[in-house]
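What follows is one structure encoded as structure tokens, with my remarks underneath.
The values are calculated or read from the model by the stated rules, or taken from the named source; none is laboratory data. This one's a predicted model, so the numbers in the text were calculated from it and none came from an experiment. Here the Cβ positions follow ideal geometry from the backbone for every residue, glycine too, while neighbour counts run over all protein chains shown. In case anyone asks, the SASA skips ligands and DNA or RNA and just uses the protein heavy atoms, side chains included. Shrake-Rupley method; radii C 1.70, N 1.55, O 1.52, S 1.80 Å.
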Amino acid sequence: MNTILRKSVLGIAGLAFTGGVFAGPVAAHAADTTAHTKPVAVTVQGDKLIPHGVQGEQSRIDLNDEQTTNVKAIIAATKKAGMDERAAVVSIATALQESKLENLGHLGDRNDHDSQGLFQQRPSSGWGTVEQITDPEYSTTAFLKGLKQVDGWQDMPLTKAAQTVQVSAYPDHYAQWEQQAADLVAQHWNS
């Protein structure tokens, strides 16, 4: 895709994001910061961010500084791995589902086994040491290494690609974060 067309697509996604922030629904309960919205058709033919459109209702959370820093770390690791914007969308959507983009340490009884970090990776499953999987660059690189091994991940719905790497008990939950992940990539890919 040429640079002008790519910038136009990213600009449209950015406008859609801005419009969604100002005109989007407000969470009904203050304790629940996740807003559920209907799918939004923002995709353009050939768009790398959401090539198949979003699946199902979409969720959105407001990000704090730490979460935004983690988005930027995921994007930087994706670029360093030589992967494109779609890989960053899949990675960010996965981290939104797994940790709400918070670099979680061990949570005791609230923890799923020994899962930690942005992607809730497990040392006991071979993802790395606790120190490694709680490092955003390392954990993203580990996720992307798994994604690269999924034949045809670029042409799969996001939730299927993420599930193939993560092997979650809730495989369809990744889809709800696709729009916000695409918006975040559009906003931060070139920053």
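Considering segment 173-191, and only residues there that are open to solvent by 40 Å² or more (accessible area, probe 1.4 Å) and assigned to a loop (DSSP other than H, G, I, E, B), the residue that is nearest to Arg86 (Cα to Cα) turns out to be Asn190. Evaluation of Asn64 against the conditions (1) closer than 15 Å to Gln180 by Cβ; (2) in contact (Cβ under 8 Å) with a residue 12 or more places away in the chain shows that the sole unmet condition is (2).
Scan segment 106-120 and tell me whether some residue there is in a helix (DSSP H, G or I), among the polar types (S, T, N, Q) and at pLDDT below 95. Within segment 106-120, not a single residue is in a helix (DSSP H, G or I), among the polar types (S, T, N, Q) and at pLDDT below 95.
In segment 169-183, is there at least one residue being more than 24 Å from Leu63 (Cα to Cα) and free of Cβ contacts under 8 Å to residues at least 60 places away in the same chain? Full working, then the answer.
Let us first name the residues in segment 169-183 that are more than 24 Å from Leu63 (Cα to Cα), namely 169.
Among the residues that remain, those that are also free of Cβ contacts under 8 Å to residues at least 60 places away in the same chain are: 169.
Yes, because at least one residue in segment 169-183 is more than 24 Å from Leu63 (Cα to Cα) and free of Cβ contacts under 8 Å to residues at least 60 places away in the same chain.
Taking segment 147-172 as the range and being surrounded by fewer than 19 Cβ atoms within 10 Å (Cβ to Cβ) and assigned to a helix (DSSP H, G or I) as the test, the residues that pass are Lys148, Gln154, Asp155, Lys160, Thr164, Pro171, Asp172. Among the residues examined, Lys148 qualifies as in contact (Cβ under 8 Å) with a residue 40 or more places away in the chain and farther than 23 Å from Asp62 by Cα. The set of residues from segment 47-96 being at pLDDT below 95, among the β-branched types (Val, Ile, Thr) and open to solvent by less than 10 Å² (accessible area, probe 1.4 Å) comprises just one member, Ile50.
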